[in-house]
Amino acid sequence: MTDAIRPLIAGNWKMNGLKASAAEFDAMLTSAAEVAAKADLLVCPPATLIAAFAAKTAGKKIAVGAQDCHPKASGAHTGDVAAEMLVDAGASAIIVGHSERRADHGESDDLVRQKAEAAWRAGVIAIVCVGETQGQRDAGQTLDILRGQLSLSLPDGSKADNLVVAYEPVWAIGTGLTPTAKDVEQIHGFIRELLISRFRDEGAKMRILYGGSVKPSNAAELMAVKNVNGALVGGASLKAADFLAIAKGCP
């Protein structure tokens, strides 16, 4: 963990959650103050719950974000949701370029960049996801893939206060597999070097989250790794106890 960078623990609920799920979010709100000294907390529920969750956060230590957005502010895009609409509902950050969007919806690096710019246009932080597949890892292409994704997915003008990078090894998401701490340190160090090379001082201050089967049992080890400035948490963020336990793992 880079000392000067305050960690962020972001929960990505993916396509999970109904109105009844508010009970878990309420439990997070109740206990968030216990970990507020260690990390910022962000929960990204499905779009249907953003407004209801955001309405509960006044004076609390958790923010609400969104999982995706359309690059345009409005228009004939049936079924899509603009960044401005998400912010209007209460979102303070938007995840873009998640591996599931890239794989399931064929999203390109260029489109991811446009979505990050849309988040900025709406006045909120973009959390840009990058990561390699199992096949790319086996072929020794991890660093080349990350270099390309970071080069093309991050907009010019990226700063520590408007952009977060999330490294998610695709092969580790939901599989229970995680890279070793040494592997994570190498990759996060590589990402940091690229950020500094392109964005100078701002690159040194940007948060780099680790995402890929983060859970209470491995959180402390992962959060202690140099240049790991928090986590993008999937399944474990659906339960208040697990999500908060991960946050408590921050040094």
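The values are calculated or read from the model by the stated rules, or taken from the named source; none is laboratory data. Because the structure is a prediction, the values reported are computed rather than measured. Cβ placement follows ideal geometry from the backbone for every residue including glycine, while neighbour counts extend to all protein chains displayed. Ligands, DNA and RNA are excluded from the accessible area calculation, which covers all protein heavy atoms including side chains. Shrake-Rupley method; radii C 1.70, N 1.55, O 1.52, S 1.80 Å.
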Projecting the Cα atoms of Q141, A54, A37 onto the charge dipole of the chain, where Lys and Arg contribute +1 and Asp and Glu -1 at Cβ, the residue farthest towards the positive end is A37
The FRET efficiency for D183 and A76, from their Cβ-Cβ distance with R0 = 45 Å and rounded to 0.05, is 0.50
Using a Gaussian network model of the chain with C-alpha springs under 10 Å, which one of G131, G75, G157 is most mobile by mean-square fluctuation?
G75
Placing unit charges on C-beta atoms (Lys and Arg positive, Asp and Glu negative, everything else neutral), compute the dipole magnitude of segment 1-75 about its Cα centre in debye, rounded to 20.
160
Can you give the accessible area per residue of segment 182-226, in Å², using a 1.4 Å probe?
47
Top positive-direction residue, dipole computed over segment 178-241 with Cβ charges, set A236, M223, G203
A236
Evaluate the charge dipole of segment 1-133 about its Cα centre and quote only its size in Debye, nearest 20, assuming +1 on the Cβ of each Lys and Arg and -1 on the Cβ of each Asp and Glu.
320
Evaluated at 4 °C with a viscosity of 1.567 mPa s, what Stokes-Einstein diffusion coefficient in µm²/s does the chain have when Rh comes from the Kirkwood expression over alpha-carbon pairs?
73
Label-point separation, T30 to A4 (7 Å along Cα→Cβ), nm:
4.0
Applying 1/(1 + (r/R0)^6) with R0 = 30 Å to the Cβ-Cβ distance of K239 and D88, what FRET efficiency is obtained, to the nearest 0.05?
0.55
Heavy-atom accessible area of segment 97-251 with neighbours in place, 1.4 angstrom probe: carbon+sulfur share in percent works out to 50
Which entries in the list K19/K115; K61/K159; K19/K205 go over 29 Å, if you measure between the two C-alpha atoms of each?
K19/K205
Sticking with the crude label model, points 7 Å out along Cα→Cβ, report the distance from L18 to K60 in nm, one decimal please.
2.1
Segment 176-227 and segment 77-132: distance between their alpha carbon centers, rounded to Å
21
